[in-house]
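The structure under discussion appears below in the form of structure tokens.
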Amino acid sequence: MGIPKVSLAFLVLVLSIMFRQTVQGSRRPACHFDDLTALQGFSRSLESNIGGWNWNSSSCCSFTGITCGNSSVLKERVVRLELGNKRLTGTICDSLVGLGQLRILNLSHNSLHGILPTNLFQFWNLEVLDLSNNHFVGSLPAVIRLRSVKYLYLSKNSFSGFLGVEFCKSSSRIRYLNLADNFFGEASLYLENCTSLQYVFLNGNGLSGTFPENLFLLQHLRVLHLEQNRFTGPLSYRIGNLSNLVELDISLNDFVGSLPDVFGSLRKLESLSASSNRLIGLLPVSLVNSASLSRIDLHNNSLAGQIRVNCSAMTRVTLLRLSSNKFQGPIPASLSSCRSLISLDLARNNLGGAVPFQFKNLQSLQFLSLNNNSMSNISTALEILQHCRKLTILVLSLNFHQEEMPSNVNLQFKSLKALIIPACHLTGSLPKWLSSCKTLQLLDLSWNSLGGSIPSWIGKFKYLFYLDLSNNFFSGEIPESLTGLDNLVHTTVLLKESSEHVPLMKSTGQNGPWLGYKDMWSFPPTIDLSSNKFTGPIRPSFGNLNNLHVLRLEENSLSGTIPESISEMTNLEALDLSRNNLSGEIPSSLVHLSFLSAFNVSFNRLSGDIPSGGQFLTFPESSFEGNDALCSNILRPCQPPQIPPLVSPGKKTKIVDWNFGIGAAVGFVLTVFFCFKSGWVLRRG
């Protein structure tokens, strides 16, 4: 049966198309000549090679980071050049402008430097320009013609000149502008004509003056970051004009006055951060009744009055940070109605009384800090807070003055990873209920009045990496189980949280300065048992703690020698054994601790030579003082052993006396006699 004419025609058409594509594919050039020239010039200006760029290849469109698009039948043009995080070094030359059809240029997270060529800001078709996280310097060009640009990333460089007034006229389509972390200083912000802007990041630039008024004209603005600048003056009520604002961060400036009561107009605002300014007054009524806010950070200001938050309206709030202000009165029980609350920080205020009973309803709460207030009744506080099943970090320091540490064995904190209750002068002993905190990673009970011995269950915490029991009255020997903590022996993976945590503070003394850490996992692995009444030896099994960075045992009554096994703690950075009753020599093997930067064995009864070499060449004399039998070129030269005198000192030594004379005469007579008798002088007969 013959093939129908329609089918035959279709078959011929398909074969024709396939043949045409094959012919065109064989004739297709590597890429457009202008693009090839531009890429070659760009490559020559670099000081490093680009991996995956092979100039012997048949098509530059196959190079790493390059995407081409069809602009005509036989020609391909480079439309995307994406080389972010490729460890590139060198400068950028003018030749890149030859990529006439380029829509995306991404050279971020490299080590490129120098001044950007003016022509780089003349791409007519460019939609995305990302040069962030490099080392570019100089002012941005006065004339920028990026008529199609929508996303401009220039953050984390060293630019010193801001965008000119012409920028918004020629780049009116821009939606996303990130100029954070540069050096723009006192530049004027000409952004009022960029009416399509939705995201503006100007943080970390040292910008000064009052709140930029022209930003109030950006009706589509959703995210505005002005933190870490030098803005001053009061906040304008015109902020309420930004009705589409979702995120506002003006922290770390010098704004003064009260927060304007405009949050009723900001119905889409979800995150507000105005921390570290000089704001005063009460919390605005519209703020504490906002139905849209989920994150409020106002710490480190001078806000005052009582905390009145309407949790019936603020159903979405997950973070409330009001620490380091002047709030007073009791902690409001109404906060327990904020059922979505994950992080609550009320530290360093003038709050008093007890933890509200209703706090047991905060079933989503993970972080709670009430430190440095005037809280009372720690037993009730812990009995209530144990019902917060997701509670991960609990900070109660500088409260509950001279109360007794609760010993209720029924307390259960099954999710607790950090318990921080220093500087309360709590009495009692280490409570048994702590042993049920199986996920505990950080325990700080320093600067209290706790006593008794350390129970053996202290070594059963699988994840504990930071233990501070310093400045208490603990006594007895250090339990050997403490030297077997899994996370300090085997480097167990930490149970980190994915959510953001409020920074913690670590005290260097009861009245001394406080050290700040970004979060609890920034603390170095530490065992601090200093300033107690521990006795007995330093156990050799301490050498098992390979992951320990800080060991502090000073100001106790420890005796015996320093174990040789300490040299096996290969990650040790600080070792303080001062003011004990240790004797013997300092093990010479400690010179192999290459990370050891702080070492102190002063005021013991050590003897012998101080090890030389390694980090011991950097330790000051004060690290060894108070050990009279220690010697070295640092402290005192070691004296060579003295040979005992043959005679008593003070008497004259006589070389010739009467005994010597008699002996010499008898010896002479005998010698002559034997010489004659033997015939050596006169021949016999």
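Any read-out appearing in this document is the output of simple, stated calculations on the displayed coordinates, not a laboratory observation. These numbers come from a predicted model, not from an experiment. Cβ placement follows ideal geometry from the backbone for every residue including glycine, while neighbour counts extend to all protein chains displayed.
Between T427 and E192, the FRET efficiency from the beta-carbon distance, with R0 = 60 Å, is close to 0.40.
Quote the FRET efficiency, to the nearest 0.05, computed for R267 versus A142 with a Förster distance R0 of 56 Å and r equal to the Cβ-Cβ distance.
Details: r = 39 Å, r/R0 = 0.70.
Efficiency at R0 = 56 Å is approximately 0.90.
Counting only the Cα atoms, the stretch 526-629 fills a convex hull of 79 Å³ per residue.
Show me the chymotrypsin sites (Phe, Trp or Tyr not before Pro) within the stretch 111-149 that DSSP assigns to loop and that have at most 15 other Cβ atoms within 10 Å of their Cβ. Can you show the working numbers first?
Values: sites: F121, F123, W124, F136; in loops: F123, W124.
Answer in residue order: W124.
Its Cα gyration tensor gives the stretch 171-281 an equivalent ellipsoid, and the semi-axes of that ellipsoid, as √(5λ) in whole Å with the largest first, are 20, 18, 12. Using the beta-carbon distance between S435 and S607 and R0 = 35 Å, what value does 1/(1 + (r/R0)^6) give for FRET efficiency, to the nearest 0.05? Taking R0 as 35 Å, the efficiency between S435 and S607 is 0.30.
Taking every Cα-Cα distance in the stretch 304-358 and sorting them into 10 Å bins starting at zero, the pair-distance distribution P(r) comes out as 24, 57, 18 percent. Can you list the residues of the stretch 312-342 with backbone N under 18 Å from a point 7 Å past the Cα of S292, pointing along Cα to Cβ? The answer is 313-319, whose backbone nitrogens lie closer than 18 Å to the label point.
From least to most packed, judged by other beta carbons within 10 angstrom and beginning with the fewest, L545, L411 follow the order L411, L545. Among E76, E480, a tally of other beta-carbon atoms within 10 Å of each Cβ gives an order, fewest to most, of E480, E76. If you take the Cα centroid of the stretch 98-154 and the Cα centroid of the stretch 191-237, the two points sit 22 Å apart.
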